[in-house]
């Protein structure tokens, strides 16, 4: 290196030193000015009549940076009020607290900028939500005009579990399938107690469980949502079972009667009972067959003394009566006319011999026929 080059190098070094000292001097002057302002402010506060109660910093925006000068905190004001933001060391905005038209508003984002948590005031109270990484809200908790509501959503954003207060002020719990069809529902009702429903994949009810003051009941429903089978507790505190046809008409009924005995009824396609069997306490059983009008056609009974049978005409007048003889163990039979007056009577007497009596239309002037001595 010749003398000229060494001289140029020395000049460059001096220029760099001069620039560095100028920057240092500028910083010292700024610090001195800030110190002077602080001292002057302190003196002004000390000279004020009111005592100093606290330190207040007023600004349109306050920013905090980390050791490398990166923004990590900001507090500002907007048209609705305060606004607070937090950033990660990588510059990701992950937190915000602000004000909305109804009150407070809080949001948390992940590192990809997606919302994962939100809580805010609404016109009906408050709401809280959780989102997944794909931006789908999976949990929602909110208040509405009926009360509280809690929902769990599937990845498609459809509610699959719901717990809420219904319009009557009672509780409701519902579970849905992937198509958002309610397949399980439990409702509370202050009048009847609780009701549980199970549905198929299309959301059609197939089973219903209910409770009331009498007890519980279960119903199996057909494709038209009509009860095909119903079993439960009746008002007599006994059990009952009903079976309906495809049109929802009850055609079979079995129940415990008020006398604690059983009863079985069969009906035609219109729901008219045409067959009935009853157990009678301390007596036996009674069987009845009726026509399509519900009129008696046949009665059969069992008693401790034996069996009885009545046949009726179209006006429910008994025209044939058969059973055990009143005075013994033998049989007896009575045939009546259309007015219900006996015109033929046959029976076994106390000597086990037969006796036949024929009467006129009014039941008088009977003529008896007995075996020869």
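The values are calculated or read from the model by the stated rules, or taken from the named source; none is laboratory data. As the structure is a prediction and not an experimental result, all values here were calculated from the model. Glycine gets a Cβ as well: all are built from the backbone with ideal geometry, and neighbour counts include every protein chain shown.
Side notes on the structure shown:
- Among the candidates 218, 251, the residue that is under 17 Å from the mean Cα position of the chain (by Cα) and either surrounded by 15 or more Cβ atoms within 10 Å (Cβ to Cβ) or in a strand (DSSP E or B) (or both) is uniquely 218.
- For region 348-372, a residue qualifies if it is closer than 27 Å to residue 302 by Cα and either within 60 Å of the chain's Cα centre (by Cα) or in a strand (DSSP E or B) (or both), and the qualifying residues are 348, 354, 355, 356, 357.
- The requirement of being under 39 Å from the mean Cα position of the chain (by Cα), over 26 Å from residue 337 (Cα atoms) and surrounded by 17 or more Cβ atoms within 10 Å (Cβ to Cβ) is satisfied by residue 265.
- The set of residues in region 257-298 that are within 24 Å of residue 318 (Cβ to Cβ) and touching a residue at least 24 places away in the same chain (Cβ under 8 Å) comprises 268, 292.
For every residue, the table says whether it meets (1) outside any strand (DSSP E or B); (2) modelled with pLDDT of 95 or more; (3) closer than 23 Å to residue 208 by Cβ.
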residue	(1), (2), (3)
95	no, yes, no
105	no, yes, no
113	yes, no, no
127	no, yes, no
133	yes, no, no
138	no, yes, no
151	no, yes, no
157	yes, no, no
180	yes, no, yes
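- Candidate set from region 69-93 (those that are under 42 Å from the mean Cα position of the chain (by Cα) and part of a strand (DSSP E or B)); member that is nearest to residue 112 (Cα to Cα): 93
- Lone qualifier among 62, 38 - being surrounded by 10 or more Cβ atoms within 10 Å (Cβ to Cβ), over 14 Å from residue 96 (Cα atoms) and modelled with pLDDT under 55: 38
- Residue, surrounded by the fewest Cβ atoms within 10 Å (Cβ to Cβ), within region 236-245, restricted to residues that are closer than 19 Å to residue 224 by Cα and under 27 Å from the mean Cα position of the chain (by Cα): 243
- Looking across 320, 312, one residue alone is farther than 18 Å from residue 275 by Cα and in contact with a strand residue (DSSP E or B) (Cβ under 9 Å, 6 or more places away or on another chain). It is 320.
- Residue 167 vs. criteria outside any strand (DSSP E or B), closer than 30 Å to residue 286 by Cα and either at pLDDT below 95 or in contact with a helix residue (DSSP H, G or I) (Cβ under 8 Å, 6 or more places away or on another chain) (or both): no
- Residue within region 340-356 that is closer than 30 Å to residue 256 by Cα and touching a strand residue (DSSP E or B) at 6+ places or on another chain (Cβ under 6 Å) present: no
- Matching option when the condition is within 18 Å of residue 227 (Cα to Cα) and in contact with a strand residue (DSSP E or B) (Cβ under 9 Å, 6 or more places away or on another chain), among 163, 188, 208, 178: 208
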